[in-house]
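Notes follow the structure.
The values are calculated or read from the model by the stated rules, or taken from the named source; none is laboratory data. All of these numbers come straight from a predicted model, not from anything done at the bench. Here the Cβ is made from the backbone with ideal geometry for all residues, glycine too, and neighbour counts use every protein chain on show.
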Amino acid sequence: MTSVAGAGEAGLLKLITPYLTTQGIAIAAGEDDAAAWDDHGAYTVASTDMAVEKVHFDLSWMTPEDAGWRALALALGDLAAKGATPVWALTSVAVPRSWPQQDFVALFKGMAALAKKTNLMIVGGDMSAIEGPAVLSITVAGTARHRPLPRSEARPGWAVAVTGPLGTAAVALRTRHVLRPEPRLAEGKRLNELGLCCGDISDGLIKEMEKFAVMSGSGCLLRAPDVPVAAGATWQEALSSGEEVELVCTGPEAVIRKAGLKPIGVLTAERQLTVTDREGLPLQLNLRGYDHFA
């Protein structure tokens, strides 16, 4: 029997797509990381994100409250990418029976703090015991006035840009410095209203551009020297660091520049991803971003 190891997230999605609803909604499974559908003239945007202990959060150097905040912030990244205003969330938690009650409550305290800041209602969820490690699953939903562009509609020739320096999360992990990131909700709304196609950088810039390739059939050329690098990060970390709250956007170069963003690359007709150096020569990289099933 073939295991899921080595299939990659894109490969596994392809296997289960026949069992998902892909007709009659504005953004269906396989077109983007979020789904969207017409709801009486507006659009409902929804997404689910999971946070697994020792994979996405580590309580040996962060508090459960920090972990709760971070998990919700990263879940909201998909709404930010589609220009949606958060409305509600469902949170499901599975923890070992040995977990202290105060840690369990602190997870929700951290989520509630960010929810209050973003006017999000946490309206329910589920809980279960598990042998190990703790798992937090968050479903978020919001509304958008206009239909967001899914990654599947990105086109060759469109410029690529990011909303800010990358590598912050990698520095935090390396230095064991706790961050409480804030999703780029206002920025995402502004960029979507300009007609740009955006994605969050939850698995690293390179991995996100590979998603564009899978979903749209467009490849990408990234110019490494043009990628903004966060303080303390290396350019390699800027290309591969996951759990970033900045957004990556694609669209006609004139619109990218109108948005106040600097192009760092371009989508190509060839489906491959190429990263070039200052002289425009391809770099040989062993950077793929994060894939749970690679």
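Report whether or not LYS14 is over 18 Å from the mean Cα position of the chain (by Cα) and closer than 29 Å to ALA129 by Cα.
The answer is no for LYS14.
For GLU244, which of the numbered conditions (1) out of contact with any Phe, Trp or Tyr (no Cβ under 8 Å at 6 or more places or on another chain); (2) surrounded by fewer than 24 Cβ atoms within 10 Å (Cβ to Cβ); (3) over 23 Å from ALA29 (Cβ atoms); (4) among the charged types (D, E, K, R) fails to hold?
(2)
Picking from ALA238, ALA213, ALA224, ALA233, which residue would you name as being closer than 28 Å to HIS146 by Cβ and buried (at least 18 other Cβ atoms within 10 Å of the Cβ)?
From the options ALA238, ALA213, ALA224, ALA233, the qualifying one is ALA213.
Which residue is nearest to ALA26 (Cα to Cα), if the candidates are limited to region 173-201 and must be among the charged types (D, E, K, R) and surrounded by fewer than 17 Cβ atoms within 10 Å (Cβ to Cβ)?
Among them, the one singled out is GLU193.
Could you please give the count of residues in region 140-187 that are within 15 Å of the chain's Cα centre (by Cα), of a type outside the set (D, E, K, R) and under 26 Å from GLY124 (Cα atoms)?
5
Does region 4-22 hold any residues that are out of contact with any strand residue (DSSP E or B) (no Cβ under 9 Å at 6 or more places or on another chain) and within 14 Å of SER152 (Cβ to Cβ), and which are they?
Answer for region 4-22, where residues must be out of contact with any strand residue (DSSP E or B) (no Cβ under 9 Å at 6 or more places or on another chain) and within 14 Å of SER152 (Cβ to Cβ): ALA10, LYS14.
Restricting to region 157-178, give me the number of residues that are outside any helix (DSSP H, G or I) and of a type in the set (Gly, Ala, Ser).
Of the residues in that region, 5 qualify.
Matching residues to (1) exposed (fewer than 15 other Cβ atoms within 10 Å of the Cβ); (2) hydrophobic (A, V, I, L, M, F, W, C); (3) more than 30 Å from VAL255 (Cα to Cα):
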| site | (1), (2), (3) |
| --- | --- |
| PHE108 | no, yes, yes |
| MET111 | no, yes, yes |
| LEU114 | no, yes, yes |
| ALA129 | yes, yes, yes |
| PRO148 | no, no, no |
| GLY157 | yes, no, no |
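Determine, yes or no, whether THR2 is out of contact with any Gly (no Cβ under 9 Å at 6 or more places or on another chain) and either loosely packed, with under 13 Cβ neighbours inside 10 Å or not assigned by TED's automatic domain parsing to the domain that holds ASN192 (or both).
Yes, satisfied.
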